[in-house]
Amino acid sequence: MRALDKNINFILTHSSRFNQRKSLVEKVITLENVPLAEFLGTANENIRQLAQAFPQSKIISRGNEIRIQGSAPEILRVNNVLNLLLEHMDRFGHLTPENVKDYLDVEGVPFEEANRDQVIVFGNKGLVIKPKSPNQRKLVEAAMKNDLVFALGPAGTGKTYIAVALAVRALKNREVKRIIITRPAVEAGENLGFLPGDLQEKLDPYLRPIYDALQDMVPPEKLKYYQETRVIEIAPLAYMRGRTLHDAFVLLDEAQNTTSEQIKMFLTRMGPNSKVIITGDQTQVDLPVRQKSGLSEALRILKDVKGIGIVNLSGKDVIRHKLVKAIIEAYEKNQEEKDQQKYESTSRKGPR
């Protein structure tokens with residue numbers, strides 16, 4: 001029996017008018033020991049959002065009762081989501097419209113499947129962190145099946161955020177003893193000595209997206225403790241040389257800016273009971289013009305190696321402002337046209 005069942009009385013009633021005319025039923029859910037104002041939201045916003053997600057049903061909130069009218073399968077779907085919302089309320093003591101959207105916004109997946117198994121980790125203040133697109137789900141699945149995963153795609157597709165969430169989950173579940181997050185500090189040069197401040201101050205501007213993600217997922221005091229005790233370590237790629245990374249979840253971010261030597265060095269750091277995710281965007285290489293990206297070379301060399309997963313994300317996975325998605329798709333189209341023109345030009349010249 002679910003823990004929340006004791007707080008809810010489910011009363012199933014049937015409206016003969018609905019049954020006779022449309023084969024519809026009505027279910028009345030009585031909420032007990034639930035703070036109604038917080039659960040329903042300002043001006044019933046949470047319930048209105050739920051009703052908008054199920055236009056084939058009628059969902060009405062009166063007092064401590066929620067009435068659902070619709071077909072039996074549809075009522076079951078609404079009931080499943082309500083259970084998730086009540087469980088969230090019971091766990092965190094509040095429910096926001098953003099939380100409701102998180103439980104509803106699982107594109108292409110039936111609502112009855114949008115259960116806790118979709119959640120990667122529960123973040124701070126009740127934040128629900130889960131994949132929000134088909135390719136993000138593929139990334140989660142690939143990480144479960146493989147010890148080494150490449151997550152490729154443009155900025156805004158959530159690849160780094162999902163990777164950090166997977167690392168935090170592994171640490172919370174005691175699957176690993178530590179999290180190591182690294183990236184090439186190519187914008188400042190791998191030699192950071194000329195920058196003012198200590199190592200942390202030098203790296204902060206380049207690792208801010210990582211910190212932002214961790215601050216969403218780990219309570220501030222615990223995050224500070226983890227960093228002080230090196231349970232969570234964030235360092236430039238150059239600091240990985242000569243180490244063996246065991247019992248760790250390791251994330252290499254911005255891998256498109258690694259050289260061939262750097263990424264080979266990193267890949268050979270894997271130790272026992274380690275899991276590695278490498279993220280990168282092959283369209284945003286910041287290396288010197290004549291320097292080849294180590295990421296592209298690694299993908300070519302390792303594409304057929306068993307135990308390595310490769311997940312490609314695209315503009316369809318962008319979860320930022322809707323314009324970002326349109327911008328990325330426009331650039332992708334432009335690149336495809338350039339590639340086609342280059343191919344046609346080469347074909348016309350023929351072999352020499």
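Any read-out appearing in this document is the output of simple, stated calculations on the displayed coordinates, not a laboratory observation. Predicted, not measured: the structure shown is a model, and the values here were computed from it. We place every Cβ from the backbone using ideal geometry, glycine too, and count neighbours over all the protein chains shown.
Taking only Cα atoms of the range 134-320, what ratio of Rg to Rh do you get with Rh as the Kirkwood inverse-distance radius?
The Rg/Rh ratio comes out at 0.93.
Distance check, please: which entries in 130/264; 58/159; 172/292; 130/333; 275/306; 177/222 exceed 26 angstrom between their Cα atoms? Please report the intermediate quantities before stating the final value.
Numbers: 130/264 31 Å; 58/159 37 Å; 172/292 38 Å; 130/333 29 Å; 275/306 15 Å; 177/222 15 Å.
Among 130/264; 58/159; 172/292; 130/333; 275/306; 177/222, the Cα-Cα distance tops 26 Å for 130/264; 58/159; 172/292; 130/333.
What distance in nm separates the two pseudo spin-label positions at residue 155 and residue 67, each 7 Å out from Cα along the beta-carbon direction?
5.2
Taking every Cα atom in the range 244-339, find the radius of gyration and the maximum pairwise distance Dmax, and write them in Å.
Rg and Dmax of the range 244-339, Cα atoms, are 15.5, 45 Å.
With θ set to phi - 60° and the Karplus curve 6.51 cos²θ - 1.76 cosθ + 1.60, what are the ³J(HN,Hα) couplings of the range 42-53 in order, to the nearest whole Hz, using x for Gly and Pro?
With coefficients 6.51, -1.76 and 1.60, one gets 4, 6, 6, 4, 5, 6, 4, 5, 5, 5, 5, 6 Hz.
Rounded to the nearest 0.05, what FRET efficiency do residue 284 and residue 94 give with R0 = 56 Å and r taken as the Cβ-Cβ distance? Could you check?
After rounding to 0.05, the efficiency reads 0.90.
At what distance in nm do the modelled label points of residue 304 and residue 336 sit from each other, each positioned 7 Å from its Cα along Cα→Cβ?
So the label points at residue 304 and residue 336 sit 2.8 nm apart.
Stretch residue 323-residue 222 to full length: gain in nm at 0.36 nm per residue minus the Cα-Cα span?
Length gained, residue 323 through residue 222: 32.8 nm.
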